[in-house]
Amino acid sequence: MKMINKIILLTLLIGIFISCDQSKNKNNLDIEKYMEPSKIINKEKLFSTLLKDTIRVGENAKALVSLLDPKFDDKQSQIIVFIESEDSVLYKLEKNFKQLYELPVAGFYNFTVDTINKAPKHYEKQYSAYIGKVFKETGYNKLRFMVMEFYGNDPTKDLNFDKKKTWVVIDELDVFVKPALDSIVN
C-alpha cells in the first residue's frame, strides 16, 4: 500500500513539473490563443490583460488593452491609451485634458497608428493597443491607464477635448515586481 502511494505521489509531482515547464515556454501562438476574446469577455466594455503578471525591476510590464464595445463605432472611432507616471495623474487629466503635456503621462496609440507592435488576432486594430511601464519598486504595483475613444481629429494634437466626441474610462492592473537579477547575485 505504501509503495502505491509513493508511485501516485511521484506521478503527480512529475505531472506538476512538466505542466509548469510547459507553461513557462508558451510561444506567441499560445499567447494569442489565450488572448482571444470570449463571449463572456464581450459582455464587458473594456478588456485588459498583462502579458506577464510578474516582472523584475527594470523590466517592462506590457499589457494588451482593448475596447470591446465602442460607443462611437458608427463614426469610425479609435482609441489612445495613457498611462501615468505618478499616482492620480490620470484623474487630473480626465478633468482637464488641456494639461496633457504638463502632466507625467505617456500615450500609446492603437494598432492602426502603431507601426512597431502587431495586433493580436481577433482584435480590432483601431480599438486595441499595447501599453507598458517600467517599475522601480519591488512588490505589488499598479499599472493605471486611461482609455480614450474618440472620433474626428486626434485630441492629442490640438488639445481639443470635445466631450461629445470622446469617451474615457480609467482602469488598472496589478503587477508584481521582483528584485532585479543583478541585485540578487550581489
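The values are calculated or read from the model by the stated rules, or taken from the named source; none is laboratory data. Nothing here was measured: the structure is a model prediction, and the numbers come from that model. FYI the Cβ positions are ideal-geometry reconstructions off the backbone, even for glycines, and counts take in every protein chain you see. The protein model used for the area step is the full one, side chains on, heavy atoms only, and it has no ligands, DNA or RNA in it. Shrake-Rupley method; radii C 1.70, N 1.55, O 1.52, S 1.80 Å.
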- Read through the list (1) closer than 12 Å to Ile83 by Cβ; (2) buried (at least 19 other Cβ atoms within 10 Å of the Cβ), then give the number of the only condition that Val134 fails. (2)
- Residue list for region 138-184, filter: touching a residue at least 60 places away in the same chain (Cβ under 8 Å), closer than 30 Å to Val57 by Cα and among the aromatic types (Phe, Trp, Tyr): Phe145, Phe176
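Residues checked against (1) open to solvent by less than 10 Å² (accessible area, probe 1.4 Å); (2) in contact with a Leu (Cβ under 6 Å, 6 or more places away or on another chain); (3) aliphatic (A, V, I, L, M):
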position: Arg56; (1), (2), (3): no, no, no
position: Lys62; (1), (2), (3): no, yes, no
position: Val65; (1), (2), (3): yes, no, yes
position: Lys71; (1), (2), (3): no, no, no
position: Asp74; (1), (2), (3): no, no, no
position: Ile80; (1), (2), (3): yes, no, yes
position: Lys98; (1), (2), (3): no, yes, no
- Message: Taking the conditions exactly as written (within 14 Å of the chain's Cα centre (by Cα), open to solvent by less than 50 Å² (accessible area, probe 1.4 Å) and at pLDDT 90 or above), does Ala129 satisfy them or not?
- Response: yes
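Out of region 107-126, which residues are closer than 11 Å to Leu67 by Cα and open to solvent by less than 40 Å² (accessible area, probe 1.4 Å)?
Selection gives Asn110, Tyr123.
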- Note on the structure: Note on region 95-114: residues farther than 13 Å from Arg144 by Cα and at pLDDT below 85 are Lys95, Asn96, Phe97, Lys98, Gln99, Leu100, Tyr101, Glu102, Leu103
- Query: Which residues, taken from region 80-116, are in contact (Cβ under 8 Å) with a residue 24 or more places away in the chain and of a type in the set (Lys, Arg)?
  - Reply: Lys98
- Item | Close pairs from region 47-71: first closer than 26 Å to Phe150 by Cα and part of a strand (DSSP E or B), partner acidic (Asp, Glu) and open to solvent by 50 Å² or more (accessible area, probe 1.4 Å), Cβ under 7 Å, at least 6 apart | Ser48/Asp171
- For Ala63, which of the numbered conditions (1) at pLDDT 90 or above; (2) under 20 Å from Phe161 (Cβ atoms) fails to hold? (2)
